[in-house]
Amino acid sequence: MQIDNTTFNDLSIIQHEEEFSIFHRLNFTQTVEGREWLLKYFTNPFSDLQQITQTQDIIRNILSNLDAWPKAISNGTLMVIEKFYDSGVDAIPAAGPVNALTYRFFHVADYALVRYSISHFADFVRGIDALVNLFDAETAPLLVRSYLHRARQLINKPILAQLANREPKQRLSAGEVIYYGRYLQYEFKSAAFELMSIYGRFDAWYSMARAMKQFKLTFPEFRDQPQPLIDASQLYHILLPTPVSYDVKLDKDSNFLFLTGANMAGKSTFIKAVGSSIFLAHLGMGVPAASMKLSLFDGLLSNINVMDNIVKGESYFFNEVQRIRDTILKINDGKKWLVLIDELFKGTNVQDAMKCSTTVIKGLIRIKNSLFILSTHLYEIGEELKAYPNISFKYFETTVHGDQLHFSYQLKEGISNDRLGYLILKREKVVELLEKL
């Protein structure tokens, strides 16, 4: 699925502020290698339904074995192995008592590093063997079996079996240090890195399974159909500690959602909840919803946090226009897109924004093979748009009691004409402060 950097940032999928990042929230990897693989999955959502269902099957399989997941391999294990190969230890001689004693006394630092590393190699081989045995069944997904078959080939060596069968705390003799060390240094290097890569994939899948269990996510049901579809029940935003859920449905007959409501009523959160859930579905993961049916989307685009560019001398409004222009050029290809637009044309005056917004909406609704969610404060343009049958109108309600605002965060049918900016200004004592100047 196509997704650009702007959309990644708008939906908080990957951010430097980790506490606001979906990736960080769902990252349960135990190794750096696993984290790198999980990041690869997150930056390359699938465009192929077979890959999605295959990943769903893998995660289901891991979920059923989650409590038995091998504990022998840690991030420290892989770090030690990488350091062993990167440190450039002095040449390890062939096995023999004289060579062992010579290496021990004349290469003290390297000998100590080799001896220390061997125990971590033993843990690594034990962990890979346990992983192979855990999933080595005909019921495991084909991709899982193929990687584990390769892993079994790589560790199926008598010397590695001998190393793995040693008591973990049993001290190595000098002869054993150069015996195992020489093999690991000169004959096992390429296999070790291939095995670490294989384990990284499994660690990433393990993380996805852990996240699904932790946050009680649900596998979505993909419909293999030419028309776009989102039909979700009790969908919510994965980053919120106490979220409010929504029911949302968009299809070919009602492919444009016109969303209104006051500031802080929940429009942006709703848009991001839908977008991030569609993204997670295209990773093969579960989604934060009671249920979801959807079509495969070719791309996901957002227009939420547009910025001006002082260096280039580009105004906020100019960049809004450029983003809309780029969006139109991308989605006018007959493919299925989900387009999310939050508060279009904030960078110009109200009358200009109304005219520009109406023009853009009337153009976008001609694109029948994509779905659109657009939020706006410009409720006045809604009446004119009611003439178009494929536009649905929803709003978030706000009630006022005295100077207090109450938000239900519930989607309702219709158009909101709430404008509460001055009330918020007054409630926060800004008006009072200004009067005292």
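Points to keep in mind about this one:
- With Cα atoms, 0 to 90° folded angle of helix 108-135 axis to the chain main axis: 60
- Across all C-alpha atoms in region 221-435, the radius of gyration and Dmax reach 17.9, 62 Å.
- Within the chain, the ratio Rg/Rh, alpha carbon atoms throughout and Rh by Kirkwood, equals 1.12.
- Of all aspartates and glutamates in the structure, those lying under 17 Å Cα to Cα from Lys83, and not within fewer than 8 positions of it along the same chain, are Glu33, Asp110, Asp123, Glu187, Glu194.
- Quotient of the Cα radius of gyration of region 31-215 and 2.2 N^0.38 Å, N being its number of residues: 1.16.
- Over all directions, the projected convex hull of the C-alpha atoms in region 138-228 averages 10.1 nm² in area.
- Residue pairs, from the table Lys40/Lys157; Lys293/Lys335; Lys249/Lys336; Lys335/Lys362; Lys335/Lys412, whose Cα atoms sit over 22 Å apart: Lys40/Lys157; Lys335/Lys412
- Bridge orientation summary for the chain: considering DSSP beta bridges with both residues in this region, about 40 percent are antiparallel.
- Local electrostatic count, Gly286, Cβ distance below 11 Å [Lys/Arg +1, Asp/Glu -1]: +3
- Evaluated with a Cβ-only charge set (Lys, Arg +1; Asp, Glu -1), the chain carries a dipole of roughly 660 debye about its Cα centre, given to the nearest 20.
- Helical content alone sets the calculated 222 nm signal of the chain at -15000 deg cm²/dmol, taking -39,500 (n - 2.57) per DSSP H segment of four or more residues and averaging over every residue.
- Counting DSSP beta bridges with both ends in region 221-435, the antiparallel % (nearest 5): 45
- Computed from Cα atoms, the angle from the helix 75-86 axis to the main principal axis of the chain rounds to 60 degrees.
- Folded to 0 to 90 degrees: helix 267-281 orientation relative to the chain principal axis, Cα: 40
- Each of Leu66, Leu38, Tyr199 was scored by the projection of its Cα onto the charge dipole of region 31-215, and the greatest displacement toward the positive side belongs to Leu66; charges sit on the C-beta of Lys, Arg, Asp and Glu.
- Take the Cα of Ala112, step 7 Å toward its Cβ, do the same at Glu138, and the gap between the two points is 5.4 nm.
- Environment charge of Ile331, counting only residues whose C-beta is closer than 14 Å and scoring Lys/Arg +1, Asp/Glu -1: +3
- Charged-residue dipole, Cβ positions (Lys, Arg, Asp, Glu), region 171-254 about Cα centre, Debye nearest 20: 400
- Under the Karplus curve 6.51 cos²θ - 1.76 cosθ + 1.60, θ = phi - 60°, whole-Hz ³J(HN,Hα) for region 255-263, x wherever Gly or Pro sits: 9, 10, 9, 9, 10, 10, x, 6, 4
- If you take the Cα centroid of region 1-65 and the Cα centroid of region 139-197, the two points sit 29 Å apart.
Each value in this text was obtained by applying a stated rule to the coordinates, not by laboratory testing. In this text, all values refer to a predicted model and were calculated from it rather than measured experimentally. Note that each Cβ is placed from the backbone with ideal geometry, even for glycine, and that neighbours are counted across all protein chains shown.
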